[in-house]
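S.K.: After the C-alpha cells below, expect a handful of questions from me.
The values are calculated or read from the model by the stated rules, or taken from the named source; none is laboratory data. Keep in mind the model is a prediction, meaning the values are calculated, not measured. Because the Cβ atoms are built from the backbone with ideal geometry, glycine has one as well, and the counts that use them run over all protein chains shown. Surface areas here come from the heavy atoms of the whole protein model, side chains and all, with no ligands, DNA or RNA. Shrake-Rupley method; radii C 1.70, N 1.55, O 1.52, S 1.80 Å.
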Amino acid sequence: MKENAEDLAVTQKLMDIRLKPKELLNGKAASTRPLPEVALPVAKKVQQRSASLPAHAFSQRERIAMHDLQEQCRRFCLNTFLRQQDPVRCLGITSAIAGEGRSLLSVIMAQVLAADSAAPVVLIECGWEPKSSPASLTIPTYFGIPSQPGLAEWLLGECKEGEMSYLVAENLTVIPAGNSRNDAIKVLQAMPKMLDRLIHTHHFVIVDLPPVITTPYGVLASGMVEALALVVRAGSTPVPLVREASNRLQGLQVEGVILNQMQSKIPRWLERIL
C-alpha cells in the first residue's frame, strides 16, 4: 500500500512538470554534435503511402485519450523543435522497459510535427528487440509499409536509400528498422553519420529507440541522438524502473518525460454526447 502511494505521488509530480526541460530527470545537457559544413545530396524520392487509421478503429474514450495525447505531443514539439534558442533537430523517444507505448508516441510526435511545421520530418524505427506482445504496435504495421528492407539493411550496405524510405504524408518520411540479424551494435555504430545526413535532407528527425533497461544496446542507441524524451506509462511503470532509466541516461540531453495513458479529465456524461 505504501509503494502504491509512492507510485501515485511520483506520477502526480511527473504530471505537473512533464513538459519542463531536462531538469525533470536531473540530467546534464550534452553538447550538440556539430553538423558537417558540406551540403549532402538530397534523399531520393520515396513511395507514397497512407498514414491514417480509420476512425472506427478506436472507441469514443480511446479517441478522446488520443486527442489528449496528440496535444501533449504538440506542446512537447513546440518546446523542443520550434523554440527560439537551441532548437532540437534530432529527438530520440525511449522508455525504461518495453510496452510503455514508445512507438505510438513516436508516431504521434512525428505526425503532429509534420503537420505543424513546413520542414520535412523523418521518423526512424530503431530497435530489433522482440515485441512485448503480438498485439504491440510496430511502425510498419501502423503505416502499412513493408518491415524490410529498412534501417539495418541500409546501414549494412545491403539496400539503397530509396528502397527503405516511405513518404507517408506530404512532408513525413518513415524508415522501418529492418532486420539487423544480430548485428545491432554494428548498425548503431554507423548511425551518427546517417543522422547528420538525414538532418540536412529532412530537417527534423524523430527516432523510435529501444528501451534503456530491457535492451542490451538501449543506452548505446540513446547516445546516438541529439536529445531524448522518456516515455512513462502513467500509473503502471514501477517507480524504481523510472529511477533506473533516468540514472542510465545521465549525461545525455533529456528534454523531459511524456506520460502515456493518462486518464481523460472529460466526465463520462460529456463523453457520451461528444
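S.K.: What number of residues within segment 151-199 satisfy the criterion of being in contact with an Asp or Glu (Cβ under 8 Å, 6 or more places away or on another chain), in a loop (DSSP other than H, G, I, E, B) and within 28 Å of Pro87 (Cα to Cα)?
M.R.: Result for segment 151-199: 2.
S.K.: For residues that are closer than 26 Å to Thr237 by Cα, within 13 Å of the chain's Cα centre (by Cα) and open to solvent by less than 40 Å² (accessible area, probe 1.4 Å), tally how many sit in segment 100-139.
M.R.: 18
S.K.: Something else now. If only one of Ile93, Ile97 is under 20 Å from Ile213 (Cα atoms), open to solvent by 10 Å² or more (accessible area, probe 1.4 Å), within 15 Å of the chain's Cα centre (by Cα) and modelled with pLDDT of 90 or more, which one is it?
M.R.: Being under 20 Å from Ile213 (Cα atoms), open to solvent by 10 Å² or more (accessible area, probe 1.4 Å), within 15 Å of the chain's Cα centre (by Cα) and modelled with pLDDT of 90 or more holds for just one of Ile93, Ile97, which is Ile97.
S.K.: Do we have Asn171 as open to solvent by 20 Å² or more (accessible area, probe 1.4 Å), touching a residue at least 40 places away in the same chain (Cβ under 8 Å) and under 18 Å from the mean Cα position of the chain (by Cα) here?
M.R.: Yes: the conditions hold for Asn171.
S.K.: Output yes when any residue across segment 128-137 is within 21 Å of Val219 (Cβ to Cβ) and at pLDDT 90 or above, and no when none is.
M.R.: Checked segment 128-137: no residue is within 21 Å of Val219 (Cβ to Cβ) and at pLDDT 90 or above.
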